[in-house]
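Student: Below is a structure I'd like to ask you about.
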Amino acid sequence: MTADVLIVGAGPAGLALAAALGEIGLRVEGIAPADPAASWTNTYGIWEDELPTSTLAAMLQQRWTDCVAYTGDDEMRLARVYGLLDNSRLQGHLLERCARGGVRWRRQAAHAIAHTASYSTVTLVDGSEVCARVVVDASGHAPIFVQRPAHGAVAYQAAYGVVGRFVRPPVRAGRMVLMDYRADFLTATERQQEPPTFLYAMDLGEGRYFVEETSLAHAPAVPFNMLRGRLHRRLAHWGCPVRTIEHEEFCLFPMNMPVPYLDQPVLGYGGAASMVHPASGYQVGAALRYAPIVAHALAAALQTPNATPGHIAHVGWGALWPQARLHNHRLYLFGLQTLLSFDTARLQRFFATFFRLPRAQWAGYLSNTLSTPEVMQTMLTLFLHAPGDVRSGLMTAALRHPAMFARAVTGLA
């Protein structure tokens, strides 16, 4: 039997879309090389107001109202609730929804794809075939089937973190630190010549803490050994070295991937669709938020008589990347490109200005919930209030990357 939709990949994005599709009565099959119930190892933090339903908000295992950022000596309080997703609970919730919707999973890797006027056929590594009226590639940042335009140097967010116990608390009780750019543990030469990094940390309760040294974005990626070394140097400098490590975390993903071709007969989702937010590196919230929107768009397209896989995928791409969101993405990419040239001191001053913007602006910018005029107003307000070296850096970026700047301003590809 030909499925309505075939999902390739069973990470958070693939499960979220499969669950939404199954709930509205579509015939959905999924393929993934690993068990869809295999544990997710990464830590997923999210602002509580980004979760689209109260049911998903209940998937937070912890919440923090005491959220701060350090952009130098100043402690900046962030009046917003931050949460840590309970991976097993969220994964179980999505798998249960998939089961109720009749989604069937196969533990196989996809090998090839072919299209006809009526359906697409995916050949698996064992030689078997799965047919569907449209295929969704949710296989991650290096997708199996989705094609992207050529792009320049890839900027990666990289992080090394540990969950454990410490000689002294590295974070105040009940606190979450979104970013700590204080770099007094580095030499002056390191601060000027080496990639900037910041601490992301939270009190997990009962004497346990999560601390992570993070490179917001850099091309090439900051090596894990540098991040590990910096984290332990920072902690030693503060007098709170690690006593015991329960879990180590390694994160690496691209921040500035271009949006895929929107006229291809395969729909992407999650990392495969470049859904990572260039301003923050977050993606899971968007994958949860857009899943029902894309699902309903695909359901409508599937009802079109004689709809080809290309037509159905095109409708899905339009729901995922409408023109306004494409324009915003180009603005965010330009903003990220600007930050890639900043050293630690200039980044500190940039974020000091950013987090002093009205909460609606900085929160909406990080959540990708602002309209295009609001994004542009936020960027202009930051420019006007930033210190001189930050403004000069922003202007220099526009001069060095005129085509990117023009695309950001006009919204044209």
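The values are calculated or read from the model by the stated rules, or taken from the named source; none is laboratory data. Remember, predicted model here, so these are calculated numbers, not experimental data. As a convention, Cβ positions derive from the backbone with ideal geometry for all residues, glycine included, and neighbour counts pool all protein chains shown.
Quick grid of which residues meet (1) of a type in the set (D, E, K, R); (2) surrounded by 23 or more Cβ atoms within 10 Å (Cβ to Cβ):
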position: His151; (1), (2): no, no
position: Val162; (1), (2): no, no
position: Arg172; (1), (2): yes, no
position: Glu213; (1), (2): yes, yes
position: Asn225; (1), (2): no, no
position: Arg230; (1), (2): yes, yes
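Student: Next question, about the same structure. I'd like to verify a number: residues in the stretch 158-217 that are in a loop (DSSP other than H, G, I, E, B), under 17 Å from Arg346 (Cβ atoms) and in contact with a strand residue (DSSP E or B) (Cβ under 7 Å, 6 or more places away or on another chain), how many?
Tutor: Residues in the stretch 158-217 being in a loop (DSSP other than H, G, I, E, B), under 17 Å from Arg346 (Cβ atoms) and in contact with a strand residue (DSSP E or B) (Cβ under 7 Å, 6 or more places away or on another chain): 4 in total.
Student: Right, another one. Here are some residues: Pro278, Pro260. Which one is within 30 Å of Ala307 (Cα to Cα) and either touching a residue at least 24 places away in the same chain (Cβ under 8 Å) or not aliphatic (A, V, I, L, M) (or both)?
Tutor: Only one candidate qualifies: Pro260.
Student: Need pairs with beta-carbon distance below 9 Å; first residue on the phi < 0 side of the Ramachandran plot and within the stretch 37-49, second of a type in the set (Lys, Arg) and exposed (fewer than 15 other Cβ atoms within 10 Å of the Cβ); sequence gap 6+ or separate chains.
Tutor: Cβ pairs passing all conditions: Glu48/Arg63.
Student: Within the stretch 330-362, work out how many residues are under 30 Å from Leu186 (Cβ atoms), among the aliphatic types (A, V, I, L, M) and in a helix (DSSP H, G or I).
Tutor: Going through the stretch 330-362 one residue at a time, the tally reaches 6.
Student: Could you list all residues from the stretch 358-396 that are farther than 30 Å from Arg289 by Cβ and either in contact with a strand residue (DSSP E or B) (Cβ under 6 Å, 6 or more places away or on another chain) or buried (at least 19 other Cβ atoms within 10 Å of the Cβ) (or both)?
Tutor: Ala386, Val390, Gly393
Student: Kindly provide the set of residues from the stretch 24-57 that are surrounded by fewer than 18 Cβ atoms within 10 Å (Cβ to Cβ) and not in a loop (DSSP other than H, G, I, E, B), ordered by number.
Tutor: Glu48, Asp49, Ser54, Thr55, Ala57 - these are the residues of the stretch 24-57 that are surrounded by fewer than 18 Cβ atoms within 10 Å (Cβ to Cβ) and not in a loop (DSSP other than H, G, I, E, B).
Student: Among Arg89, Arg27, which is under 30 Å from Tyr119 (Cβ atoms) and among the basic types (Lys, Arg)?
Tutor: After applying the criteria, what remains is Arg27.
Student: Next up: For a quick check of your reading of the model, give me the residue pairs whose first member lies in the stretch 384-411 and is farther than 15 Å from His327 by Cβ, whose second is β-branched (Val, Ile, Thr) and part of a helix (DSSP H, G or I), with beta-carbon atoms closer than 6 Å and at least 6 apart or on different chains.
Tutor: The qualifying pairs are His385/Thr353; Ala386/Thr353; Leu394/Thr338; Ala397/Thr338.
Student: Which numbered condition in (1) over 24 Å from Asp49 (Cβ atoms); (2) in contact (Cβ under 8 Å) with a residue 24 or more places away in the chain; (3) crowded, with 19+ Cβ neighbours inside 10 Å is the only one that His329 fails?
Tutor: The one condition His329 does not meet is (1).
Student: Further question: Given the criterion of a type in the set (Val, Ile, Thr), outside the structural domain of Leu340 (by TED's automatic domain parsing) and closer than 25 Å to Thr214 by Cβ, identify the matching residue among Val294, Val276.
Tutor: It is Val276.
Student: Scanning for something closer than 16 Å to Gly14 by Cβ, of a type in the set (D, E, K, R) and over 21 Å from the mean Cα position of the chain (by Cα), does the stretch 89-97 turn up at least one residue?
Tutor: Yes: the stretch 89-97 contains one or more residues that are closer than 16 Å to Gly14 by Cβ, of a type in the set (D, E, K, R) and over 21 Å from the mean Cα position of the chain (by Cα).
Student: If you check every pair at least six apart or on different chains, which have Cβ atoms under 8 Å apart with a residue in the stretch 304-325 that is closer than 18 Å to Pro278 by Cβ first and a residue that is assigned to a helix (DSSP H, G or I) second?
Tutor: Once the first residue is closer than 18 Å to Pro278 by Cβ and sits in the stretch 304-325, its partners that are assigned to a helix (DSSP H, G or I) give Leu320/Ala273; Leu320/Tyr290; Leu320/Ile293; Leu320/Val294; Trp321/Ala273; Trp321/His329; Ala324/Thr372.
Student: Here's something else I'd like to know. Please work out which residue is surrounded by the fewest Cβ atoms within 10 Å (Cβ to Cβ), limiting yourself to the stretch 68-80 and to residues that are under 18 Å from Leu366 (Cα atoms) and more than 20 Å from the chain's Cα centre (by Cα).
Tutor: Ala79
Student: A further question on this structure: With the structure loaded, tell me whether Gly9 is on the phi > 0 side of the Ramachandran plot, at pLDDT 95 or above and within 19 Å of the chain's Cα centre (by Cα) or whether it fails that test.
Tutor: yes
Student: Got a number for residues in the stretch 105-156 being free of Cβ contacts under 8 Å to residues at least 40 places away in the same chain and in a strand (DSSP E or B)?
Tutor: 6
Student: If you don't mind, there's one more thing I want to ask. Would you confirm whether any residue within the stretch 308-328 is within 24 Å of Arg391 (Cβ to Cβ) and at pLDDT 95 or above?
Tutor: Yes: one or more hits.
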